[in-house]
1. Once you have the Kirkwood Rh of segment 80-165 from its Cα pairs, apply Stokes-Einstein at 20 °C and 1.002 mPa s and quote D in µm²/s.
2. Please give the direction-averaged projected area of the C-alpha convex hull for segment 220-363, in square nanometres with one decimal.
3. Suppose R0 equals 35 Å. What FRET efficiency, 1/(1 + (r/R0)^6) with r the Cβ-Cβ distance, do GLU389 and MET367 give to the nearest 0.05?
4. Order of 49-57, 152-160 by packing, highest average Cβ count within 10 Å first?
5. When the helix-only estimate is applied to the chain (DSSP H runs of n ≥ 4, each -39,500 (n - 2.57), divided by the residue count), what is the mean residue ellipticity at 222 nm, nearest 500 deg cm²/dmol?
6. Give, in nm to one decimal, the length gained when the segment between SER378 and ASN256 is fully stretched (0.36 nm per residue of separation minus the Cα-Cα distance).
7. Students often forget the sequence filter, so: which aspartates and glutamates lie under 17 Å Cα-Cα from LYS309 once same-chain residues fewer than 8 apart are removed?
8. Using 0.36 nm per residue, how much length does the chain from ASP84 to ARG9 gain when fully extended, once their Cα-Cα distance is taken away?
Amino acid sequence: MSFFEEVEREVRDFRQGGVATSGFRLSLAESVVSELGVERNRIGSAYAPLSVKELAGGSFTIGWSDGRMSSGSLSRGPKDALRDVLLSAFEGRYDDPEDAIFPAPAAVPEVVLFSPEAAAAARGQAPDILPGILSALAGVRERCAARIMDASAQAAVVRRRVVTSGGFRAESESTAVSFGFALDSLVGDGFSRRGLFAPGDVEKLASLTAADFEALRHTAAGAPRGRTPVVLHPRVAEQFLRTFLLANLSGGAVANGRSRFVAADFRDRRRCFREDFSLRTSPLSPLSPGSFRFTEEGVPAREVLLVEKGCVLTPLLGLKHGRKLGMEPVPSPSAIEGFVFGLASRAGREESLSGSRTLLVHSVLGMHTQDHVRGEYSLLCPQGVLYEEGRPLGRVTGTLNGSFFEDLRSEALCAVEFPGFACPGLALTAELS
């Protein structure tokens with residue numbers, strides 16, 4: 001009996017003290033993951049050896065015959081261990097009738113998520129893939145004259161199944177190949193694909209990340225203060241968008257009064273942003289890290305327009321909060337590549353940095369402390385590079401202050417395209433102190 005079948009049977013047949021399972025949602029996955037690392041320039045050292053792991057686990061939501069609910073997570077183990085997990089969940093059951101939703105059968109879209117070549121790398125059948133990625137990164141380190149590089153490369157293949165007592169049953173198989181690296185603890189990043197990286201892509205992406213390595217090694221003279229043109233690197237822009245925009249579009253936040261938006265804003269299509277700003281989900285693109293066929297609750301993937309012409313149309317809604325707000329569930333991508341942010345004002349990286357004394361922000365600290373509802377921010381910028389007419393002058397540190405929702409309404413806001421990133425950077429004006 002497979003792991004999937006064993007868990008489903010145990011959940012379906014569980015009974016304790018006259019109380020039995022009356023409904024359930026299961027989201028289960030089996031995966032094979034291969035990983036190889038670089039520790040202080042050494043590929044596959046004792047601290048970063050090649051490893052191949054087989055994993056299995058998932059999550060569950062159970063409705064009981066006494067009207068109460070349980071939820072939790074599980075992993076592959078002895079049968080008795082699985083029963084212990086369910087017994088613990090049973091003993092901690094709670095009242096939440098709005099979550100007692102167990103979807104019926106539904107068609108799910110066909111989306112390409114699987115690469116045979118990536119699966120072979122994950123299963124150890126293509127032994128040159130991960131060392132090849134790390135060797136390419138080592139070449140970038142040498143060209144930058146960085147002293148120390150730490151890095152890792154990973155390949156994974158995942159089989160996922162979602163099944164409910166209402167009859168929904170769907171399965172998908174997906175792959176991922178990824179790498180991450182850091183040079184002298186000054187610059188670093190990570191990238192992921194569903195399939196193998198194209199020849200030269202690893203070097204290209206890592207070299208773009210390392211472009212400001214030399215500038216970050218010394219401090220710029222005459223650091224700007226006050227109102228300053230700023231370009232948020234895509235990784236930083238993603239933090240802003242997740243913390244302030246997506247958090248406020250969360251159905252749970254809207255339903256529970258923890259969002260700057262209320263349900264009526266969506267029904268009335270209230271304009272909250274610049275007229276040319278739009279946001280939609282994009283879960284159906286072939287081999288995109290942000291794509292999927294169905295959610296862990298059993299909601300089929302579909303493209304949804306969240307913001308159009310600056311007006312909010314719908315929050316991101318799971319089953320429970322969709323029912324609570326009387327709105328249709330909206331499946332939410334977990335990766336930023338599953339969102340498309342639209343702005344009419346767009347520029348390339350070089351163009352956005354070609355003006356007078358513009359700060360490229362590589363990282364910020366303190367995002368977790370910000371008030372996402374108000375949208376005001378005060379963030380330490382430990383790694384910024386000051387540019388003058390396209391030329392990097394050196395490192396600048398300081399504190400960025402502003403209001404992100406004012407930024408989203410400002411005519412000065414511009415999306416900045418960075419090669420290799422689905423999420424754009426953002427050009428705006430902030431107070432630098």
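1. Details: Rh = 18.5 Å.
After rounding, the answer is 116 µm²/s.
2. On the way: hull surface 42.4 nm².
Directional mean of the projected Cα hull area for segment 220-363 stands at 10.6 nm².
3. Numbers: r = 30 Å, r/R0 = 0.87.
Efficiency at R0 = 35 Å is approximately 0.70.
4. Output ranking for 49-57, 152-160: 152-160, 49-57.
5. Numbers: 11 runs with 90 residues, N = 433.
Taken over the chain, the calculation gives -5500 deg cm²/dmol.
6. Values: separation 122, 0.36 × 122 = 43.92 nm, distance 2.59 nm.
The SER378-ASN256 span can extend by a further 41.3 nm.
7. Cα-Cα hits under 17 Å: ASP265, ASP268, GLU275, ASP276, GLU406, ASP407, GLU411.
8. On the way: separation 75, 0.36 × 75 = 27.00 nm, distance 1.47 nm.
Result for the pair: 25.5 nm of gain on full extension.
A short reminder: the numbers here are calculations on the coordinates, not readings from a lab. If you're wondering where the values come from, they're calculated on a predicted model, not measured in any experiment. Quick reminder, even Gly has a Cβ in these numbers, built from the backbone with ideal geometry, and neighbours come from all protein chains shown.
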